[in-house]
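This report concerns only the one structure given below.
The values are calculated or read from the model by the stated rules, or taken from the named source; none is laboratory data. Remember, predicted model here, so these are calculated numbers, not experimental data. No Cβ is skipped: glycine too gets one built from the backbone with ideal geometry, and neighbour counts run over all protein chains shown. In case anyone asks, the SASA skips ligands and DNA or RNA and just uses the protein heavy atoms, side chains included. Shrake-Rupley method; radii C 1.70, N 1.55, O 1.52, S 1.80 Å.
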Amino acid sequence: MKAIFSIAILSLLFLASCMGYKEFPVESDYSYDGDFRRYKTFNFLDTRSSGPDSSIQNNIIEESIKARMELQGYDYSELDPRLLVSYKIFYDSLFFTGYEQPDLEMFIEYEESVDKEMDPVKYNLREGTLLVLIYDRERKKSIWQGYASGVFGNQYFNDKRYLQGAVRSIFDQYKVFAEGFVVEKKKLR
């Protein structure tokens, strides 16, 4: 029953994420040191630079990240959050190194038997890339990163729906529920 409920929620997330927004070239990778079954709380790192990021864009991005994390069962907490979320907008094109890995869900399910060899992959990200990083505050390590290329630099980059779609595209790669979220929802029935 737990598996059916999880599949139903993931299906709804997938369908909701497909409606009404542009698809962006998106990639993600994660750290094998992540304790993905044990995270419940999050907050943001204040990494705003004095660069061209506008407060309107930052607010939309943060609201979208917060909504998605809460949808997946994470609690926003200002006191000792386990996860810290950071994002950065790159207005120029850049080369970025990611890693060829098994899907995150497969790693979480079969962690002990997954081949943990990581082959680097070089990405040529178009101008206007949104990078989201998730840190494990206790372990002091980045555990997940997702990036959408080509988000900024066109006429829609101040459009709220457009930015929300970019964040959804990135978080479609992070299909991890907070610790106890699926179990708690099941108990509510």
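Modelled with pLDDT under 60 and open to solvent by less than 20 Å² (accessible area, probe 1.4 Å) - does that describe any residue in the range 15-25? The answer is yes; a qualifying residue exists. Restricting the range 118-155 to residues that are among the acidic types (Asp, Glu) and not in a strand (DSSP E or B) leaves a set whose member that is farthest from Lys40 (Cα to Cα) is Glu127. Any residue that is modelled with pLDDT of 85 or more, β-branched (Val, Ile, Thr) and under 20 Å from Lys175 (Cβ atoms) - is there at least one of those in the range 72-88? Yes, some residue in the range 72-88 is modelled with pLDDT of 85 or more, β-branched (Val, Ile, Thr) and under 20 Å from Lys175 (Cβ atoms). I want to confirm something. Restricting to the range 104-117 and keeping residues that are of a type outside the set (S, T, N, Q), part of a loop (DSSP other than H, G, I, E, B) and exposed (fewer than 13 other Cβ atoms within 10 Å of the Cβ), which single residue is modelled with the highest pLDDT? Applying the filter and picking the extreme gives Tyr110. Within the range 122-147, residues that are open to solvent by 40 Å² or more (accessible area, probe 1.4 Å) and modelled with pLDDT of 90 or more sit with their Cβ atoms under 8 Å from residues that are in a loop (DSSP other than H, G, I, E, B) and polar (S, T, N, Q), at 6+ positions apart or across chains, in these pairs: Lys141/Ser31; Ser142/Ser31.
Quick check on Ala3: is it of a type in the set (Gly, Ala, Ser), open to solvent by 40 Å² or more (accessible area, probe 1.4 Å) and modelled with pLDDT of 85 or more?
No: the conditions fail for Ala3.
Filtered by the rule that a residue be closer than 21 Å to Gly165 by Cβ, of a type in the set (Lys, Arg), open to solvent by less than 50 Å² (accessible area, probe 1.4 Å) and not in a helix (DSSP H, G or I), the range 57-103 gives no residues.
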